[in-house]
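Note sheet for the following structure.
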Amino acid sequence: MENVVVLKGDFIKLYQALKHVMGISGGEAKEIISFEDVYVNGTLEKQRGKKLRSGDHVLYKDIEIKIQL
């Protein structure tokens, strides 16, 4: 399932995008990023503060997140 996050500024942090789409807490998002496979633009990402910009793509299990302006 693809979800779209529309930026209000220049970027959104990875954990914030997961929180927004999945409806979870920041702590839960941190756990997911630390201990599970979350991919940003096809690369495994472990930085919860990774800045996502327009055009970036996040994949976690069957959840896809597209970042756009």
Completion exercise
Flagged in the stretch 16-32 as without any contact (Cβ under 8 Å) to a residue 24 or more places away in the chain and not polar (S, T, N, Q), in numbering order, are Lys19, His20, Gly23, Ile24, Gly26, Gly27, Glu28, Ala29, Lys30, Glu31
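From the list Leu14, Leu44, pick out the single residue that is open to solvent by less than 40 Å² (accessible area, probe 1.4 Å) and under 12 Å from Tyr60 (Cβ atoms). Talk me through it step by step, then tell me what you get.
Working: Leu44 fails: open to solvent by less than 40 Å² (accessible area, probe 1.4 Å).
On inspection, the qualifying residue turns out to be Leu14.
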Exercise for the section: Quick one: count up the residues across the stretch 24-62 that are of a type in the set (A, V, I, L, M, F, W, C) and under 15 Å from Phe11 (Cα atoms). Expected result: 3
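Scanning the stretch 17-34 for residues that are open to solvent by 70 Å² or more (accessible area, probe 1.4 Å) and touching a helix residue (DSSP H, G or I) at 6+ places or on another chain (Cβ under 9 Å), which turns out nearest to Gly55 (Cα to Cα)?
Applying the first criterion (open to solvent by 70 Å² or more (accessible area, probe 1.4 Å)) to the stretch 17-34 yields 19-20, 28, 30-31.
Those still in the list that are touching a helix residue (DSSP H, G or I) at 6+ places or on another chain (Cβ under 9 Å) too: 19, 28, 30.
Numbers: Lys19: 19, Glu28: 25, Lys30: 23 Å.
Within the stretch 17-34, the match that is nearest to Gly55 (Cα to Cα) is Lys19.
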Completion exercise
The condition from (1) open to solvent by less than 80 Å² (accessible area, probe 1.4 Å); (2) of a type in the set (Val, Ile, Thr); (3) in contact (Cβ under 8 Å) with a residue 12 or more places away in the chain that Val6 misses is numbered (1)
Practice task
Test Asp37 against the stated conditions and say whether it is in contact (Cβ under 8 Å) with a residue 12 or more places away in the chain, more than 12 Å from the chain's Cα centre (by Cα) and open to solvent by 80 Å² or more (accessible area, probe 1.4 Å).
Solution key: no
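The values are calculated or read from the model by the stated rules, or taken from the named source; none is laboratory data. Since the model is a prediction, treat every value here as computed from it, not as a measurement. For neighbour counting, all protein chains shown are included, and Cβ atoms are generated from backbone atoms with ideal geometry for every residue, glycine included. Accessible surface areas use protein heavy atoms only, side chains included; no ligands, DNA or RNA. Shrake-Rupley method; radii C 1.70, N 1.55, O 1.52, S 1.80 Å.
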